[in-house]
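*Asks:* Quick one: the structure is below, and I'll ask about it shortly.
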Amino acid sequence: MNTMTQTLENKSILLVISGGIAAYKSLELIRLLKKAGCTVRCILTKGGQQFVTPLSVSALCEHEVLTEDTYKMDHIHLSRAADAILIAPASADLLAKMANGLADDLATATLLASDKPALIAPAMNHKMWSHPATQTNIEKLKSYGHQIIGPEEGDMACGEHGIGRMSEPSEILRGIEEQIHRSSLPPFLPSSLPLQGRTALVTSGPTYEPLDPVRFIGNRSSGKQGHAIAAALAAHGASVTLITGPVTLPDPAGVTTIHVETAAEMLTACEKALPVDIAVCAAAVADWSPAEQQDHKIKKRKRGNPPDIALKENPDILKILSNHKNRPALVVGFAAETKNLIENANEKRTRKNCDWILANIVGQTTQKTFGEDRNHVYLITASTNEDWQPMSKHAIATRLTEEIANYFETKAIQDAAE
Ligand code: C5P
């Protein structure tokens with residue numbers, strides 16, 4: 001008996017088959033899983049039923065297939081009862097629903113109610129795969145802890161060529177075997193996560209600096225990048241406090257979120273969150289606030305003269321944290337520059353005494369950054385600068401988190417050697 005069969009023997013697998021020509025390969029996958037000793041329960045979506053019949057799936061898994069029409073029981077039980085959840089093929093539509101927490105049918109409700117990460121094997125046309133919407137969804141799913149296998153490059157059923165073919169059943173079987181092996185450990189496994197035991201604070205969004213009870217000085221920051229970083233750090237095991245200015249985004253799951261309005265409130269909340277191992281300052285803190293806040297709405301003057309508004313400088317939270325007596329071991333800031341990106345960002349890194357800067361150019365291209373889903377950043381440290389190429393803000397969050405995990409792993413090795 002080989003290791004694969006040993007790992008999978010007596011395991012219960014929940015396989016979700018969604019719509020796509022690759023669904024025919026899932027029949028072979030069921031056969032391989034059964035051969036390895038698994039119990040296989042299958043959810044066949046409406047889309048999946050366009051490509052394989054409920055009868056052939058039931059016959060192969062030796063259990064009645066679960067479809068919208070046949071399954072009337074508790075969808076929560078389905079995911080809890082499984083040792084592993086596999087989605088093959090995962091259509092672009094199913095990925096989008098999973099990434100955004102939709103639960104409007106049996107498959108999506110079961111996946112949202114799940115207590116474990118899934119192994120996802122996407123399959124779709126190559127243009128659908130490379131579309132920024134799909135790529136953003138994939139990065140989101142990764143940041144929730146799900147694992148993606150494939151897709152592969154090759155000829156498509158539609159006659160085109162590109163990346164989008166579902167991985168071969170044998171590859172997917174290997175993937176599920178690895179996942180089950182890892183999770184002999186409980187699901188979303190704290191002990192196996194690289195930042196387990198680390199604490200982090202992340203600032204995000206804009207700050208609003210009130211002029212009077214109805215007006216404020218603010219900016220257009222959406223908080224997308226900071227929130228994605230907080231979620232990615234948490235998904236990698238860190239205990240995260242997110243301190244955010246006013247945004248329309250939901251609080252990320254598994255993160256302690258503190259809502260503030262002004263730079264002064266953000267600073268107080270950050271200092272309260274200390275000590276932490278990691279600080280990532282992604283907030284677009286307003287540089288100035290009105291020197292005086294009026295208790296009543298400032299009235300328009302009869303002659304039309306606008307009021308003089310005196311401003312005072314706001315505290316630089318990044319700089320304060322970097323020079324704090326409880327300084328985090330790793331402090332990361334952001335820099336938006338209009339020219340001499342590396343030079344200016346490096347100067348900012350030294351002046352503020354932070355360790356790393358994620359820098360991007362603004363104003364020279366059509367790139368807007370604020371509110372966008374994608375960005376093009378450079379990681380600037382004391383010794384290197386790396387061009388990360390344009391990618392989604394979720395992908396930037398995952399990559400930054402991986403760099404942070406590497407930093408702490410290397411540091412632990414060095415500390416042990418001393
Ligand atoms: O000086 P500048 O605003 O370009 O610096 C950007 C970096 O500093 C970002 O990481 C931002 O979150 C942080 N910052 C801060 N407090 C301020 C201004 C900027 O934490 N008052």
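*Asks:* If you stretched the chain out fully between Glu271 and Asn305, how much longer would it get, using 0.36 nm times the residue separation minus the C-alpha to C-alpha distance?
*Replies:* 8.1 nm
*Asks:* Let me ask you something else. Mind putting a number on the dipole of the chain about its Cα centre? Charges go on the C-beta only, +1 for Lys and Arg and -1 for Asp and Glu, and I need it in Debye to the nearest 20.
*Replies:* The calculation lands at about 1080 debye.
*Asks:* Moving to a separate point now. Quick one: dipole size for the range 4-183, taken about the Cα centre, charges +1 on Lys/Arg Cβ and -1 on Asp/Glu Cβ, in debye to the nearest 20.
*Replies:* Around 220 debye, computed over the range 4-183.
*Asks:* While we're looking at this one, here's another question. Determine, from the Cβ-Cβ distance of Asn219 and Glu178 and an R0 of 45 Å, the FRET efficiency 1/(1 + (r/R0)^6), rounded to the nearest 0.05.
*Replies:* 0.50
*Asks:* For Trp288, Trp388, give the ranking by accessible area with the largest first, probe 1.4 Å.
*Replies:* Result, largest first: Trp288, Trp388.
*Asks:* Which loop-located trypsin sites (Lys or Arg not before Pro) does the range 191-288 contain, where loop means any DSSP state but H, G, I, E or B and the Cβ has at most 13 other Cβ atoms within 10 Å?
*Replies:* Arg220
*Asks:* With every protein chain left in place, what is the accessible area of Ile413 in Å² (1.4 Å probe, nearest 10)?
*Replies:* 110
*Asks:* Return the single residue from Pro169, Pro132, Pro250 with maximal mean-square fluctuation; model: Gaussian network over the chain, springs between Cα atoms under 10 Å.
*Replies:* Checking each option, the largest mean-square fluctuation is seen for Pro250.
*Asks:* Next question, about the same structure. What distance in nm lies between label points placed 7 Å from Cα along the C-beta direction at Tyr24 and Ile163?
*Replies:* Going by the 7 Å Cα→Cβ label model, 2.6 nm.
*Asks:* Here's another thing I want to ask about it. 7 Å from Cα along Cα→Cβ at both Lys46 and Glu386: what's the point-to-point distance in nm?
*Replies:* With each label point 7 Å from Cα toward Cβ, the separation is 4.4 nm.
*Asks:* Provide the net charge surrounding Gly19, with neighbours chosen by a C-beta distance below 10 Å and charges set as Lys +1, Arg +1, Asp -1, Glu -1.
*Replies:* Net of charged neighbours comes to 0.
*Asks:* I'd like to know which of Gln294, Ala279, Ala269 lies farthest towards the positive end of the charge dipole of the range 269-314, counting +1 on Cβ of Lys and Arg and -1 on Cβ of Asp and Glu.
*Replies:* The residue sitting most towards the positive pole is Gln294.
*Asks:* Checking the a/c ratio against 1.5 first, then a/b against b/c, what shape does the Cα gyration tensor give for the chain?
*Replies:* Cα axes put the chain in the prolate bin.
*Asks:* May I ask you to rank Glu261, Glu418, Glu209 by accessible area, largest first, using a 1.4 Å probe over the protein chains only?
*Replies:* These residues rank, largest area first, as Glu418, Glu261, Glu209.
*Asks:* I want to verify a result. In a Gaussian network model of the chain, Cα cutoff 10 Å, which of these has the top mean-square fluctuation: Lys140, Lys325, Lys348?
*Replies:* The residue that fluctuates most here is Lys325.
*Asks:* Return the single residue from Gln50, Gln179, Gln196 with maximal mean-square fluctuation; model: Gaussian network over the chain, springs between Cα atoms under 10 Å.
*Replies:* The residue with the greatest mean-square fluctuation here is Gln50.
*Asks:* A further question on this structure: Quantify, in whole percent, the carbon and sulfur part of the accessible surface of the range 4-183 (1.4 Å probe; protein heavy atoms only).
*Replies:* Heavy-atom surface of the range 4-183 belonging to carbon and sulfur, 1.4 Å probe: 53 percent.
*Asks:* Using a 1.4 angstrom probe, figure out how much accessible area the range 73-154 has per residue, in square angstrom, rounded to the nearest whole.
*Replies:* That works out to 38 Å² for each residue.
*Asks:* Would you please classify the overall shape of the range 4-183 from the alpha carbon gyration tensor, given that a ≥ b ≥ c denote the square roots of the eigenvalues, rounded means a/c under 1.5, and beyond that prolate means a/b larger than b/c while oblate covers the rest?
*Replies:* It is rounded, given that a/c, with a ≥ b ≥ c, falls under 1.5.
*Asks:* Rounded to the nearest 500, what is the 222 nm mean residue ellipticity of the chain from helices alone, with -39500 (n - 2.57) per DSSP H run of 4+ residues and division by all residues?
*Replies:* Only helices count here, giving -10500 deg cm²/dmol.
*Asks:* For the range 273-418, what does the accessible surface come to per residue with a 1.4 Å probe? Please give it in Å².
*Replies:* Spelled out: the 1.4 Å probe surface of the range 273-418, per residue, equals 58 Å².
*Asks:* I've got another one for you. What figure in square angstrom, to the nearest 10, would you give for the accessible area of Phe216 with a 1.4 Å probe?
*Replies:* 100
The values are calculated or read from the model by the stated rules, or taken from the named source; none is laboratory data. Because the structure is predicted, anything quoted here is derived from the model rather than measured. So basically every Cβ, Gly included, is an ideal-geometry build from the backbone, and we count neighbours across all protein chains shown. All accessible areas refer to the heavy atoms of the entire protein, side chains included, with ligands and DNA or RNA removed. Shrake-Rupley method; radii C 1.70, N 1.55, O 1.52, S 1.80 Å.
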